[in-house]
1. PHE95: net charge of surrounding residues, Cβ under 15 Å, Lys/Arg +1, Asp/Glu -1, itself excluded?
2. Simple spin-label model, 7 Å along Cα-to-Cβ: SER137 to SER37 in nm?
3. Going through the cross-link list LYS72/LYS109; LYS72/LYS131; LYS58/LYS109, which pairs have a Cα-Cα distance over 25 Å in this structure?
4. What is the magnitude of the charge dipole of region 4-96 about its Cα centre, with +1 placed on the Cβ of each Lys and Arg, -1 on the Cβ of each Asp and Glu, and no other charges, expressed in debye to the nearest 20?
5. Arrange the following residues from fewest to most other Cβ atoms within 10 Å of their Cβ: HIS15, HIS41, HIS124, HIS74.
6. Helix-derived [θ] at 222 nm for the chain: sum -39500 (n - 2.57) over DSSP H runs of at least 4, divide by residue count, nearest 500?
7. For ILE71 and ALA128 in the same chain, what is the full-extension length gain: residue separation times 0.36 nm, less their Cα-Cα distance, in nm?
8. How would VAL84, VAL64 line up from fewest to most surrounding beta-carbon atoms within 10 angstrom?
Amino acid sequence: MSKTYTGGCTCGAIHYEIAAEPIFMNDCQCLDCQGRSGTGHGSYLTFPDKRNVKLEGKATQWDVAGDSGNIKTHAFCPTCGSPVYLTFAAMPDFFTIHAASLDDPSRYKPQAVTYAMRGYAWDHLDPALPKFDKMPSA
């Protein structure tokens with residue numbers, strides 16, 4: 001196993017340590033991710049078991065139905081507003097972090113673009129990445 005993934009919000013009120021490797025890293029172009037990021041996509045690392053996550057600080061949470069219709073819970077800092085992590089009702093063990101919340105964002109290596117059918121021509125993502133119109137099956 002490699003080095004622990006660490007990060008949190010901009011002001012430091014929320015911090016995480018994850019002693020595992022991500023199972024998926026993606027740029028998502030769904031409408032929700034566009035709205036939350038204020039740009040054309042969100043960038044995420046998903047970990048298979050939230051029991052490997054040490055989380056400090058209290059996040060504000062907001063539930064929303066994604067393009068799939070499944071409920072996802074956004075967690076963000078109530079002080080600085082930084083988006084930090086997501087959880088999913090349909091996949092309760094998974095823990096997903098925003099790539100920009102990492103202490104070392106260079107560890108993010110996207111593997112795919114999801115919800116590419118919602119993408120904009122001006123949102124220039126790596127053209128070598130596989131693109132999926134929706135979320136690929138596990």
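1. Value of the local net charge: -1.
2. Here the modelled spin labels are 2.7 nm apart.
3. LYS58/LYS109
4. In total the dipole reaches around 200 debye.
5. Fewest to most other Cβ atoms nearby, the residues stand as HIS124, HIS15, HIS74, HIS41.
6. After summing the helix terms and dividing by residue count, I get -1500 deg cm²/dmol.
7. Taking 0.36 nm per residue and subtracting the Cα distance, the gain is 17.5 nm.
8. Fewest-to-most Cβ neighbours within 10 Å comes out as VAL64, VAL84.
None of the figures in this text is laboratory data; all of them are computed from the coordinates on show. Since the model is a prediction, treat every value here as computed from it, not as a measurement. Because the Cβ atoms are built from the backbone with ideal geometry, glycine has one as well, and the counts that use them run over all protein chains shown.
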